[in-house]
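Asker: I'd like to ask you about the structure that follows.
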Amino acid sequence: MSQSVFAIADQDLRTDPIINLKRLSDFGELKIYRWGNASITPDGDGNGFADIPHDLNYAPSYDLFVKLPDGYWSPVGAASSLAFGDATATIFGVSDEEKLRIQTIGGYSKLASLQRDFRYYILVDKAEGFNGSSNIALTGDRGMKLSEDDVNVFEGQEYQMRMSTKYRSLQYFKEHVVQETLSLPLMFSSHDSQDNIESQYVDFDHGLGYPPLFKAFYGSGSTLRKIPDNAYAAVQASDIVTQAYYTSFEVVAKCNSDRVRLQFRRRSVFDKELFLGENGGSHFPPGQLISAVQHQPKTITVTIQVYTENLEGSVYGE
Amino acid sequence: MANEKMFLAGDDAQNYWSLDYADGYYTIGNHPSNGDMDGAIRFPGVTGSGNCQEARIFLFVNDSSGLSGKVVLDMWGIDEDNTSPFGSDPLGRAKTSESTFWEIDPMPLVGGFVLSKNVTNIVNEIRNRMGWSSGNAIGFLLETHPSNTPHSWFSGGIDDLGVGMGSSISYLLIREQAAGNFSPAPKLISPPVLPGPKNWGQAQSYPGVNVFEATDDQMYYTSKKRVERIIEEIDVNTTANVILQIPHGLSYRPRVTAFAKSSVSGQRFDLPRHMPSSIQTGPEGDTLEGDIESNETYIRILTTQNAQVHCRIFLDEIVP
């Protein structure tokens with residue numbers, strides 16, 4: 001691949017591998033448009049929302065973190081008993097051409113009725129196939145821009161810029177990309193009482209002294225998946241199965257000023273109605289195993305990518 | 001070796017014994033006419049040897065005194081290497097030193113039910129006998145306890161009592177490894193050594209902030225750190241509940257992000273989006289769910305509704 005405009009290297013621009021080139025105009029960069037704080041005090045059912053308006057005229061990409069009652073920050077995106085204490089409660093972000101909306105969905109336990117604090121990042125980069133003009137003024141800017149191929153840098157929209165000194169970059173130290181392998185053991189339900197639940201976590205001390213924006217992933221088998229991930233009621237591209245109550249599996253990550261904690265939780269359900277045949281219910285056929293769900297032993301590679309972005313730091317554009 | 005195994009007493013009449021009933025049934029408890037009705041049950045073909053982590057006996061009950069009172073019993077193993085079929089009264093056979101006390105609350109009999117008890121110590125004692133071999137039979141003796149409520153009893157056995165429950169399902173369950181509630185020790189990764197200040201490269205501070213004095217928090221960009229590099233952005237349309245596979249042409253699993261546009265509300269959702277177990281209404285009535293992952297060949301996207309998806313592929317390999 002050619003370096004069509006410029007590149008910044010750590011050592012020798014001619015010999016550094018691409019991964020070590022700090023800035024390379026062949027590739028686009030995420031550009032932060034504005035970032036700030038929001039809070040929601042949900043209603044008695046745990047439902048509520050907060051709107052953060054923007055003037056981009058298209059639906060932007062975003063990053064969204066919620067502060068948990070234990071003081072940790074967690075990326076939102078899935079129902080989570082680990083993050084919210086209730087697998088039926090959750091928090092989502094959605095965007096359109098006018099706003100970023102953060103929404104809480106109350107669960108059975110109504111834990112979501114607690115006030116929630118958020119840090120949001122709205123990006124210049126799109127969340128949709130938009131080809132029109134944004135509302136961002138393109139005149140009077142100074143600095144440096146690099147447009148996509150075949151886009152006139154003087155006329156191109158901001159979202160068509162591979163980089164622009166007008167916007168903050170989302171950056172990280174290469175030392176802050178950390179991988180670890182976790183061994184999750186075989187597990188299954190007990191037979192006469194309760195579901196079994198087990199969890200495994202890895203703590204990564206990031207050494208930054210503030211709660212950082214981070215992204216986390218896990219590799220299981222041949223696929224790479226994003227965290228948070230949850231299969232309580234989820235569809236999974238791996239098997240297109242609508243996961244039932246029995247196959248509960250979730251992965252969450254959260255951070256504070258000391259560490260990023262990445263946690264797996266698995267649950268194997270005991271179904272008394274099904275397996276004891278009470279009230280004339282059906283019996284399982286001889287030869288069938290008993291646990292409603294057995295989680296097989298797994299070795300999982302987790303990756304945590306920590307950015308030098310303070311979730312409790314200064315804001316811009318609120 | 002399979003971790004979880006189930007061994008049936010089955011429909012063999014010689015696997016059950018009752019002091020008072022005909023062959024093919026076990027009994028336990030106190031009967032109005034027969035008095036205490038001790039019993040026995042046998043499970044042939046038990047595999048494995050040495051200690052297991054969990055063993056449970058499940059007694060299929062198809063006749064009982066109903067709600068009259070508690071059934072209370074002591075249960076032993078038959079202290080034999082390979083318990084032979086119950087062609088004759090087994091109640092006098094040697095007992096294991098391990099036993100268990102079992103107090104069963106009154107319960108209705110509606111079409112039969114199953115009772116369960118942990119017998120790990122008994123099974124381990126037998127499987128640790130010098131003469132034990134995998135595949136041998138294990139027997140249990142059921143002896144009515146003095147605290148049994150008078151006239152409270154139950155029985156089960158081969159399936160000819162007409163309760164319509166199919167095959168008898170009294171069974172012995174053995175788990176060689178019982179990992180329930182097992183949580184491995186957490187791992188801790190120490191903080192990395194970050195690069196020190198550099199006097200070369202590129203740095204850009206906020207407007208109005210001296211770039212030579214700016215803190216990290218006041219920087220728009222500095223070449224001592226990396227940025228994520230976007231290889232490509234693509235727009236695709238998904239069909240509800242059909243996995244869309246997009247070749248990415250890389251030799252590794254790239255990091256990908258995606259936003260799905262709901263056909264209901266027009267909102268854009270960050271994937272994966274998993275609704276709670278009891279789906280509740282999302283923003284403006286949306287229940288869209290979706291998932292995204294990558295392997296070494298494809299980006300794979302699944303949405304529960306037809307959706308437009310904006311996908312972003314990053315250069316950097318996250319998991320080798």
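The values are calculated or read from the model by the stated rules, or taken from the named source; none is laboratory data. Because the structure is a prediction, the values reported are computed rather than measured. Every residue, glycine among them, receives a Cβ derived from its backbone with ideal geometry; neighbour counts consider all protein chains shown.
Asker: Scan the stretch A:26-61 for residues that are farther than 17 Å from A:Lys166 by Cα and aliphatic (A, V, I, L, M) and jot them down.
Answerer: The answer is A:Ala38, A:Ile40, A:Ala50, A:Ile52, A:Ala59.
Asker: When you look at B:Pro195, is it modelled with pLDDT of 75 or more and within 9 Å of chain A (Cβ to nearest Cβ), yes or no?
Answerer: On the way: modelled with pLDDT of 75 or more: yes; within 9 Å of chain A (Cβ to nearest Cβ): yes.
Yes; evaluated as a whole, the condition is true for this residue.
Asker: Sort out which residues of the stretch B:8-47 are surrounded by fewer than 18 Cβ atoms within 10 Å (Cβ to Cβ) and of a type outside the set (S, T, N, Q), and write them in order of number.
Answerer: B:Asp11, B:Asp12, B:Ala13, B:Asp20, B:Ala22, B:Asp23, B:Pro32, B:Gly35, B:Gly45
Asker: Same structure again: Taking A:Lys166 as the residue in question, decide whether it is part of a loop (DSSP other than H, G, I, E, B), modelled with pLDDT of 75 or more and closer than 23 Å to A:Tyr120 by Cα.
Answerer: Working: part of a loop (DSSP other than H, G, I, E, B): yes; modelled with pLDDT of 75 or more: yes; closer than 23 Å to A:Tyr120 by Cα: yes.
Yes, satisfied.
Asker: I need the full set of residues from the stretch A:13-40 which are within 22 Å of the chain's Cα centre (by Cα) and more than 11 Å from chain B (Cβ to nearest Cβ), in order please. Talk me through it step by step, then tell me what you get.
Answerer: Filtering the stretch A:13-40 for residues within 22 Å of the chain's Cα centre (by Cα) gives A:28-40.
Hits for the stretch A:13-40 are A:Tyr33, A:Arg34, A:Trp35, A:Gly36, A:Asn37, A:Ala38, A:Ser39, A:Ile40.
Asker: Return the pair list, or none, for Cβ contacts closer than 6 Å from residues in the stretch B:212-236 that are facing chain A (nearest Cβ under 7 Å) to residues that are in a helix (DSSP H, G or I), at least 6 apart or on different chains.
Answerer: Close Cβ pairs (under 6 Å, with a partner that is in a helix (DSSP H, G or I)) amount to B:Arg226/A:Lys174.
Asker: Turning to a different aspect of this structure: Let me spell it out: the conditions are (1) in a loop (DSSP other than H, G, I, E, B); (2) among the small types (Gly, Ala, Ser); (3) touching a helix residue (DSSP H, G or I) at 6+ places or on another chain (Cβ under 7 Å), and B:Ser68 meets all of them except one. Which number is the exception?
Answerer: With respect to (1) in a loop (DSSP other than H, G, I, E, B); (2) among the small types (Gly, Ala, Ser); (3) touching a helix residue (DSSP H, G or I) at 6+ places or on another chain (Cβ under 7 Å), B:Ser68 is out only on (3).
Asker: Now for a different question. Take the residues of the stretch A:198-221 that are crowded, with 22+ Cβ neighbours inside 10 Å and of a type in the set (Gly, Ala, Ser): which is farthest from the other protein chains (Cβ to nearest Cβ)?
Answerer: Checking each candidate, the answer is A:Ala216.
Asker: Does at least one position in the stretch B:65-72 carry a residue that is basic (Lys, Arg) and either under 14 Å from B:Ser152 (Cα atoms) or without any contact (Cβ under 8 Å) to a residue 40 or more places away in the chain (or both)?
Answerer: Looking only at the stretch B:65-72, we keep the residues that are basic (Lys, Arg), and these are B:70.
In the following step, the residues that additionally are either under 14 Å from B:Ser152 (Cα atoms) or without any contact (Cβ under 8 Å) to a residue 40 or more places away in the chain (or both) were identified as B:70.
Yes, there is a match, as at least one residue in the stretch B:65-72 is basic (Lys, Arg) and either under 14 Å from B:Ser152 (Cα atoms) or without any contact (Cβ under 8 Å) to a residue 40 or more places away in the chain (or both).
Asker: Ok, one more. Mind listing whichever residues of the stretch A:31-47 are surrounded by 14 or more Cβ atoms within 10 Å (Cβ to Cβ) and either part of a strand (DSSP E or B) or not assigned by TED's automatic domain parsing to the domain that holds A:Phe118 (or both)? Spell out how you get there, then give the answer.
Answerer: Going through the stretch A:31-47, the residues surrounded by 14 or more Cβ atoms within 10 Å (Cβ to Cβ) turn out to be A:31-38, A:40, A:42, A:45-47.
Correct list: A:Lys31, A:Ile32, A:Tyr33, A:Arg34, A:Trp35, A:Gly36, A:Asn37, A:Ala38, A:Ile40.
Asker: Within the stretch B:228-246, which residues are more than 31 Å from the chain's Cα centre (by Cα), surrounded by 14 or more Cβ atoms within 10 Å (Cβ to Cβ) and part of a loop (DSSP other than H, G, I, E, B)?
Answerer: Within the stretch B:228-246, B:Glu228, B:Arg229 meet the criteria.
Asker: Please find, within the stretch B:254-289, the residue that is modelled with the lowest pLDDT out of those that are buried (at least 21 other Cβ atoms within 10 Å of the Cβ), within 17 Å of A:Glu97 (Cα to Cα) and at the interface with chain A (Cβ under 7 Å from one of its Cβ atoms).
Answerer: This residue is B:Gln267.
Asker: For the condition in contact (Cβ under 8 Å) with a residue 60 or more places away in the chain, in contact with a helix residue (DSSP H, G or I) (Cβ under 6 Å, 6 or more places away or on another chain) and closer than 26 Å to B:Gln177 by Cα, what is the one hit in B:Arg56, B:Arg42? Before the answer, list the steps.
Answerer: Details: B:Arg56 fails: in contact with a helix residue (DSSP H, G or I) (Cβ under 6 Å, 6 or more places away or on another chain).
After applying the criteria, what remains is B:Arg42.
Asker: Given the criteria touching a Lys or Arg at 6+ places or on another chain (Cβ under 7 Å) and at pLDDT 60 or above, does A:Leu213 qualify?
Answerer: Numbers: touching a Lys or Arg at 6+ places or on another chain (Cβ under 7 Å): no; at pLDDT 60 or above: yes.
Considered against the rule, which asks whether it is touching a Lys or Arg at 6+ places or on another chain (Cβ under 7 Å) and at pLDDT 60 or above, A:Leu213 comes out as no.
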